[in-house]
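The values are calculated or read from the model by the stated rules, or taken from the named source; none is laboratory data. Nothing here was measured: the structure is a model prediction, and the numbers come from that model. Please note: Cβ atoms are built from the backbone with ideal geometry, for glycine as well, and neighbour counts cover all protein chains shown.
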Amino acid sequence: MNRRMLFLPPIAVLAACAASPPRDSGFELVGESALFLPGVVSSPYSEIRPAPSPDGRTILWGSTNRPGGAGGWDIWMSRRDGERWSEPVAAAFDTPSNEFDPAFSPDGRTVYFFSNRPGGYGGDDLWQVAFDPASAAFGTPVNLGAAVNSAGDEWAPAPSPDGRTLLFATNGRGGASRHDLFVSAWRDGAWQTAVPVAGEVNGAGDDFDAAWLDGGRVLVFARSDDVDHAPIALWSAVREGDRYVRATRLDARVNVDGGWILGPAADPSRPGVLLFSGERPGGPGRADIHLIHYRTR
């Protein structure tokens, strides 16, 4: 079963990802996981990979089967007014093609996502669209170009805290195996040719769906021996110099033995919160969004 079917009814670049200097570091979960915004985001439908805005007023996420969208896979939005979240609405840039894996830029004025809409380089491509935080209006989507996109699939864009590096997964750029994690740097007004993330990632199977935590010092990512046929779990790795090392499978507060957990995301308005997606006991849908606290040292 591939990722699409799960939910149906260079060195200098990495060094620049974090503002803090390299130091002995670690990552650990705190407490138990819980459903994220039940009844608004987590629902009887399949909800994947949330994207909270930096100001905490907007949440985007992908759904493969929530009714009322443009068709295909759609990106949905809810807005906060005080303590209340609005009823979800489909994003205005959704099309009958697939739109998925949203992520806000650090200033909250750009949304990155993938789509297989016409006008790309093949498969799922990464796109960006302007966003007005005050009015919640979107602009016209723009393809990120051949330095990022390929004839294969690009998934799960995740900009660095300074917005100048884009982390994503691809199976079309000749990495170590099937899906691998790559980064592209923004320089001279353009995204530069993407390079693989170094360290204890990008192994013999599939490494994809990644999020930077703690200013880029920690990487949380999805790993599977074979995403078409094998379970998926979340792993963490910590940055040492120009590499992500000490890859560790997260424990049962996140992962489910024999199941699939993926779509990690940070909440920039709430440091120390990790969001993730998948089917866990007690959730209303096949794919719900969950949260758990973490700490680093």
Between a residue in segment 243-254 that is polar (S, T, N, Q) and any residue that is part of a strand (DSSP E or B) and surrounded by 15 or more Cβ atoms within 10 Å (Cβ to Cβ), which pairs come within a Cβ distance under 7 Å, given they are 6 or more apart or on different chains? T248/W235; T248/S236
Picking from S63, S97, S33, which residue would you name as being in contact with a Phe, Trp or Tyr (Cβ under 7 Å, 6 or more places away or on another chain), modelled with pLDDT of 95 or more and either hydroxyl-bearing (S, T, Y) or surrounded by 13 or more Cβ atoms within 10 Å (Cβ to Cβ) (or both)? S63
Considering every residue within segment 220-243, establish whether at least one is buried (at least 21 other Cβ atoms within 10 Å of the Cβ) and farther than 21 Å from H179 by Cα. no
D209 fails exactly one of (1) at negative phi; (2) surrounded by 15 or more Cβ atoms within 10 Å (Cβ to Cβ); (3) modelled with pLDDT of 95 or more; (4) not hydrophobic (A, V, I, L, M, F, W, C), namely (1)
What are the residues in segment 156-207 that are more than 23 Å from V238 (Cβ to Cβ) and in contact with a Leu (Cβ under 8 Å, 6 or more places away or on another chain), if any? W186, W191
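Within segment 279-288, is even one residue within 27 Å of D55 (Cβ to Cβ), modelled with pLDDT under 95 and not in a strand (DSSP E or B)? Write out each step before concluding.
Start the filter on segment 279-288 by keeping residues that are within 27 Å of D55 (Cβ to Cβ), which leaves 287-288.
Subset that is modelled with pLDDT under 95: 287.
Keeping just the survivors that are not in a strand (DSSP E or B) gives 287.
Checking segment 279-288: at least one residue is within 27 Å of D55 (Cβ to Cβ), modelled with pLDDT under 95 and not in a strand (DSSP E or B).
Any idea which of G282, G263, G272, G259 is surrounded by fewer than 17 Cβ atoms within 10 Å (Cβ to Cβ), within 18 Å of the chain's Cα centre (by Cα) and of a type in the set (G, A, S)? Spell out the reasoning first.
Numbers: G282 fails: within 18 Å of the chain's Cα centre (by Cα); G263 fails: surrounded by fewer than 17 Cβ atoms within 10 Å (Cβ to Cβ); G259 fails: within 18 Å of the chain's Cα centre (by Cα).
Going through G282, G263, G272, G259 in turn, just one is surrounded by fewer than 17 Cβ atoms within 10 Å (Cβ to Cβ), within 18 Å of the chain's Cα centre (by Cα) and of a type in the set (G, A, S): G272.
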Are any residues in segment 131-155 over 19 Å from S184 (Cα atoms) and either touching a Leu at 6+ places or on another chain (Cβ under 6 Å) or of a type in the set (S, T, Y) (or both), and if so, which ones? S135, T140
Among the residues of segment 178-226, which ones are polar (S, T, N, Q) and farther than 19 Å from A146 by Cα? N202, S224
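Table: residues versus (1) among the polar types (S, T, N, Q); (2) in a loop (DSSP other than H, G, I, E, B); (3) over 14 Å from the mean Cα position of the chain (by Cα); (4) buried (at least 24 other Cβ atoms within 10 Å of the Cβ).
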site: L126; (1), (2), (3), (4): no, no, no, yes
site: V129; (1), (2), (3), (4): no, no, yes, no
site: A147; (1), (2), (3), (4): no, yes, yes, no
site: A156; (1), (2), (3), (4): no, no, no, yes
site: G163; (1), (2), (3), (4): no, yes, yes, no
Residue check: is G119 closer than 17 Å to G72 by Cβ and surrounded by fewer than 17 Cβ atoms within 10 Å (Cβ to Cβ)? yes
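Report yes if some residue within segment 232-248 is part of a loop (DSSP other than H, G, I, E, B) and either of a type in the set (A, V, I, L, M, F, W, C) or farther than 24 Å from L166 by Cβ (or both); otherwise report no.
No, because not a single residue in segment 232-248 is part of a loop (DSSP other than H, G, I, E, B) and either of a type in the set (A, V, I, L, M, F, W, C) or farther than 24 Å from L166 by Cβ (or both).
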For segment 33-58: of the residues being in a strand (DSSP E or B) and among the polar types (S, T, N, Q), which is farthest from the chain's Cα centre (by Cα)? S33
Scanning segment 172-227 for residues that are of a type in the set (D, E), over 13 Å from A156 (Cβ atoms) and under 18 Å from the mean Cα position of the chain (by Cα) gives D214
Out of all the residues in segment 165-206, which are closer than 19 Å to A103 by Cβ, among the aliphatic types (A, V, I, L, M) and part of a strand (DSSP E or B)? L166, L167, A169, L181, V183, A185
Identify all residues within segment 184-201 that are surrounded by fewer than 24 Cβ atoms within 10 Å (Cβ to Cβ), of a type outside the set (D, E, K, R) and closer than 23 Å to G26 by Cα; write none if there are none. P196, A198, G199, V201
Please go through segment 1-30 and give me each residue that is modelled with pLDDT of 95 or more and exposed (fewer than 14 other Cβ atoms within 10 Å of the Cβ), ordered by number. E28, V30
